[in-house]
Every structure is written in structure tokens, then in C-alpha cells.
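For reference, the structure is listed below as C-alpha cells.
The values are calculated or read from the model by the stated rules, or taken from the named source; none is laboratory data. Because the structure is a prediction, the values reported are computed rather than measured. For neighbour counting, all protein chains shown are included, and Cβ atoms are generated from backbone atoms with ideal geometry for every residue, glycine included. Remember, those area values only see protein heavy atoms, side chains included, never the ligands or the DNA or RNA. Shrake-Rupley method; radii C 1.70, N 1.55, O 1.52, S 1.80 Å.
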Amino acid sequence: MWETLIIAPFTNVLLFIYDLIGNNFGIAIILFTILIRLITYPLTVSQIKGTQGMQELQKDKRWIEIQAKYKNDKEKLAQEQMKLYKELGINPFGSCLPTLIQFPLIIGLYQALIRALAATPTQLLDLSKLIYPSIVKIASIIPINNQFLWMDLGQPERLNLPFLPFGIPILAIVVVVTTYLQSKLMTPPPSSPNDQGAQMTKMMNLYMPFFMGYLALTLASGLSLYFVVSNVIGILQYALMGKANWKNLLPKTVKPKAAK
């Protein structure tokens, strides 16, 4: 079922784009990423609505009263917050859901990349079973050109310089930075440090960039290229819609206490 619904369509779309643009697998991945972002655009809109709902909630009189009334009782505060979330139809974890939904796409794309970059006779046989003959003429595109810039798209990316004894994982670093920037720009300002949604989002913003960076460091660089392009498109979408929370990127300043 997974292979039929995810891997086969992804593989065929990738190879169709690859054949269409003249056998450049890196550009094919970039165009494929843009296509995925367009398809998942409704999720982005939903995420923005959820963010706006959270921002409006922080000005709600009931929300402010709950914060003051139960400030010393975290358990009761969390219960009352969840009641208010439910009453107003707000998902406190809305900013995390689109990222979580992307995981099946990431796994499917990784497997599609490995299948598409078939090298051995056995791998070619497995690939031929996935191909839709009406869409992809496999004889005209095999073997796949897996070189893009300095990268072998089927292997973890490293930039090897003659004066260094080790390779630099450029894409992994860029993945960490762009994932962090995207998560910070999408996050609404928290109303309270005890807010469950704010705590969950804070943890996701901290751990997710490093997790994505680890995937970029250890898996095929074609997947890392997908991460970077997807993050950049996400940032541009939020910026163009005027929804990017640029204040989150500024250093926090501590206001000096007034003299008594």
C-alpha cells in the first residue's frame, strides 16, 4: 500500500520532471519540491489561521483571567486552557502539525530517490516495477545523472577542499539554519511561559532543526536539497503573505528596573 500510494507516484513524478528538463536530477528535485509545497499550500493557510487564532486568544479577557487566576496551579491552568481552546476551536499545536505531516512525504521522497538512482541490475529491476510506462520511458533516462554541483545526490553531502582532511557538510548546516529560521518566523509570541502550546512549540523549535540536520548529515544529499528548498519556499510564503514574525529573530532585551 505504501509503495503504491507514495513511493511509486513520487518516483514517477521525479523521473518525469528529470526527463522533461533534460536529465538534471538536482533541478528535478527542486521543481518537485516546489510542486509539493504548492500541493500542501492549504496546510500552510491552515497553519497561518491557527497562528492568528493564538495571537487573538492572548487578548481575550477570559484567557487573561485564567492566567491570573491559576498562575500558581499549573495543572488547573492547563485544564482551563484546553477548555478554552476547545470552546474557540483553536488547535494549540497548529504550528507543529504541518511539520509532522511532512514526515511521510520525507520518508517517501527518500525512498523514491534511492529507487530512482538505481545502479545495480537488481535495483533497476525493482525500479522498472514502479514505473508507469505511459508517463516515463525508462530506457531513455537510465542511467540517472546523479551529479549536481559538487554533490552525488545518492550519497550524504560533503564539500571536500584540498587543504582540509575532512569534508564540510554544507547542506546539513544550511538545513539546520533554514529550519530554525522557518520555525521561529512561524511562531506566534507566547502569552505565558506556562502555556502548553507555547511549551510544545518551544521544544519543537529547539529540537527539530537538529533532527532535520542529522537526517541531512546521514542520508542522501538529494533529500537535503529537498529540505533546503522547502524551508526557503516556506519562509518566502510567510514573508509574502505578511505573516512572518520577524520579531522572533531579534535578541531579547531585558528592560531595566525602575529606580525606587
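What the table below lists for this structure:
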quantity	calculated
Residues of the range 10-31 with amide N under 16 Å of a point placed 7 Å along Cα→Cβ from I39	10-18, 28-31
Average accessible area per residue (Å²) across the range 140-179 - probe 1.4 Å, nucleic acids and ligands excluded	58 Å²
Sites M1 and L149, calculated FRET efficiency, Cβ-Cβ separation with R0 35 Å, nearest 0.05	0.45
Peptides ranked, highest mean first, by Cβ atoms within 10 Å: ranges 131-138, 174-181, 223-230, 69-76	223-230, 174-181, 131-138, 69-76
Long-range amide H partners of F148 with built H, under 5 Å	L153
Length gained when the stretch K129-T218 is fully extended (0.36 nm per residue, less Cα-Cα span)	29.3 nm
Point-to-point label distance, N160-L236, nm (Cα→Cβ direction, 7 Å offset)	3.3 nm
